[in-house]
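The values are calculated or read from the model by the stated rules, or taken from the named source; none is laboratory data. Since we're looking at a predicted model, the values are computed, not measured. For neighbour counting, all protein chains shown are included, and Cβ atoms are generated from backbone atoms with ideal geometry for every residue, glycine included. Please note that ligands, DNA and RNA were not included when accessible areas were found on the heavy atoms of the full protein model with its side chains. Shrake-Rupley method; radii C 1.70, N 1.55, O 1.52, S 1.80 Å.
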Amino acid sequence: MPATLHDVAALANVSIKTVSNVVHDYKHVRPDTRERVLAAIKELGYRPNITARGLRSGRTGVIGLALPELSLSYFAELADSVIRAAEKRSLVVLIEQTGGGDREREIAMLSSPRLQLTDGLIFSPLGMGMADRDLLDVPYPLVLLGERIFGGPADHVTMRNVDAARAATRHLLERGRRRIAVIGGHEDEDMGSATLRLRGYREALAEAGVPFDQELILPAREWHRHDGARAMRDLLAAGIPFDGVFGLNDTLALGALRALQEAGVRIPDDVAVVGFDDLDETQYSLPTLTTVDPGREEIAATAVRVLAELIEGGRRAPGDDGDRPREYLADFRLIERESTAP
């Protein structure tokens, strides 16, 4: 038979409550007592009964994470960051994919029976929009990510898209670039990453007195590498002059980088390139890619913390205003690498 809490308590010569406190890593346990209990746990091979614990507390110790698609590197790395942040709180993460912007699947996710396996949900929609805000008024703890919905009924953790895009564009302008192409525009988007990052780009141009040219905005409905490469090949074929590229995410920028090299364009001598997301692979491209770190680690840690507070009973961080949903903005930083280096 597997060892029980009683067995550990008897071997360590402590109360069951003390064993429970050690298992839950409560701080107020004497060091010598903690060591004795941990030694007993190791000797007996004790494993906590998660099912019984859930029945007593009404919680599962599992949180949900709903993302558009893990084939996009940003979401894969975000999932990794969330998992590591959750582990620090002894939480397990159940990951769901919602189909890369499939609005109906995202809406269905909010009422999925699988949510009964979790204590709360971190949700990053890509197909839903501002008109869907009321659908986020759900009867369980929910933390919203992304840039599709603002001012809704759920706590929202997001990035400083406009400021970060302005900084990326300024960086190219400071390198003497005046014809900066943007890859990843969404022509029919009311609110989202593309809209906000394009706003930052235009603000930086205006500050520098550089005229905006619609011909330099290259649409890309999907933000994969092949979309960036296709958009860049189209721009090169059109013969439109440019000396800088701002990929609205790193995968678009990496695709553009490939197309430029195929065409014999020197980077950064002829064209300087900036991305957005600070994916791990940007450190290993040739040349390495200058990019914006939008605060992914902070976003993950904040989302997990806020969700855990909601699960525990609606507690929020000091300074929060009652039960009113809050917006948390992560800090960003520009990381200069070879694709823009003098």
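Quick notes on this structure:
- Residue check for A39: modelled with pLDDT of 90 or more, in contact with a strand residue (DSSP E or B) (Cβ under 9 Å, 6 or more places away or on another chain) and of a type outside the set (V, I, T): no
- The residues of region 185-243 that are of a type in the set (D, E, K, R), modelled with pLDDT under 95 and either within 15 Å of A165 (Cβ to Cβ) or open to solvent by less than 40 Å² (accessible area, probe 1.4 Å) (or both) amount to a single one, E189.
- Of all the numbered requirements in (1) farther than 17 Å from E309 by Cβ; (2) open to solvent by 20 Å² or more (accessible area, probe 1.4 Å), T98 misses one, and that requirement is (2).
For every residue, the table says whether it meets (1) at pLDDT below 95; (2) part of a loop (DSSP other than H, G, I, E, B).
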site: V265; (1), (2): no, yes
site: E281; (1), (2): no, no
site: S285; (1), (2): no, yes
site: R316; (1), (2): yes, yes
site: G319; (1), (2): yes, yes
site: G322; (1), (2): yes, yes
site: S339; (1), (2): no, yes
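- Residue match in region 26-42 (condition: under 38 Å from the mean Cα position of the chain (by Cα) and touching a residue at least 40 places away in the same chain (Cβ under 8 Å)): no
- Pair list, Cβ under 9 Å, 6 or more apart: region 3-14 residue of a type in the set (S, T, N, Q), other residue in a loop (DSSP other than H, G, I, E, B) and open to solvent by less than 30 Å² (accessible area, probe 1.4 Å): T4/Y46
- Looking across region 54-67, the residues that are open to solvent by less than 20 Å² (accessible area, probe 1.4 Å) and either part of a strand (DSSP E or B) or modelled with pLDDT of 95 or more (or both) come down to I63, G64, L65, A66, L67.
- Pairing residues of region 166-185 that are more than 16 Å from F242 (Cα to Cα) with residues that are open to solvent by 10 Å² or more (accessible area, probe 1.4 Å) and of a type in the set (A, V, I, L, M), at Cβ distances under 7 Å and at least 6 apart in sequence or on separate chains, gives A167/L334; A168/L334; G185/L198; G185/I217; G185/L218.
- From T18, T51, T33, residue being modelled with pLDDT under 85 and either in a helix (DSSP H, G or I) or surrounded by fewer than 11 Cβ atoms within 10 Å (Cβ to Cβ) (or both): T51
- Of the set (1) free of Cβ contacts under 8 Å to residues at least 60 places away in the same chain; (2) open to solvent by less than 30 Å² (accessible area, probe 1.4 Å); (3) touching a Lys or Arg at 6+ places or on another chain (Cβ under 8 Å), all apply to D119 but (1).
- Residue identified as buried (at least 20 other Cβ atoms within 10 Å of the Cβ), assigned to a strand (DSSP E or B) and modelled with pLDDT of 95 or more among A181, A168: A181
- Residue match in region 135-142 (condition: over 18 Å from I299 (Cα atoms), part of a loop (DSSP other than H, G, I, E, B) and without any contact (Cβ under 8 Å) to a residue 12 or more places away in the chain): yes
- Among the residues making up region 62-82, those that are under 20 Å from E281 (Cα atoms) and over 11 Å from the mean Cα position of the chain (by Cα) are E69, L70, S71, L72.
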